[in-house]
Amino acid sequence: MQPSEKQCPFCAETIKAQARRCRHCHADLSKKTLGVFAKTGITVVVLGIVLLGFGAYVASSSESKEQSEAQAAIDLCREHEASYTGPANGRSIISAACQKIEDELRGKFGHAP
């Protein structure tokens, strides 16, 4: 390739450096535009950042933390219930306590956390 030539960014053919249109693929070289894929990629990245930011905001809200802690308490209660090896009436007491925790949290949050 000579100094007065360049490569077409669309078809990779050698063209004159001053060309405004590729003689091979007829691409317009006078505009400095982003391709469709680049625009789509930028849009996806921006939307991803916005969604991540919103997710971080929601996750950091106090109600969300409280719901997470409540769900952890219910899960721990149910684990103790499942691993209990004592008398049957002890299991029923643990089960009733777990159910009471779930009912109270359902009343507080409007649904089970």
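The values are calculated or read from the model by the stated rules, or taken from the named source; none is laboratory data. The model shown is predicted, which means the values in this text are computed figures rather than measured ones. Here Cβ is always computed from backbone atoms with ideal geometry, including for glycine, and neighbour counts include all displayed protein chains.
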- [ ] Looking only at segment 53-72, decide whether some residue is at pLDDT below 80, among the aliphatic types (A, V, I, L, M) and out of contact with any Lys or Arg (no Cβ under 9 Å at 6 or more places or on another chain).
- [x] yes
TODO: List every residue pair whose Cβ atoms sit under 9 Å apart, with the two residues 6 or more apart in sequence or on different chains, where the first one lies in segment 12-37 and is at pLDDT 80 or above and the second, anywhere, is surrounded by 12 or more Cβ atoms within 10 Å (Cβ to Cβ) and of a type in the set (G, A, S).
DONE: R21/A27; L29/A19
Task: Those residues of segment 63-89 which are within 23 Å of the chain's Cα centre (by Cα) and exposed (fewer than 13 other Cβ atoms within 10 Å of the Cβ), in sequence order - done: E63, K65, S68, E69, A72
Open item on the list: Looking at segment 73-106 only, could you name the residues that are assigned to a helix (DSSP H, G or I) and polar (S, T, N, Q)?
Closed with: S83, N89, S92, S95, Q99
- [ ] Those residues that are of a type in the set (D, E) and surrounded by fewer than 12 Cβ atoms within 10 Å (Cβ to Cβ), I need them from segment 90-113; list them, please.
- [x] D103, E104
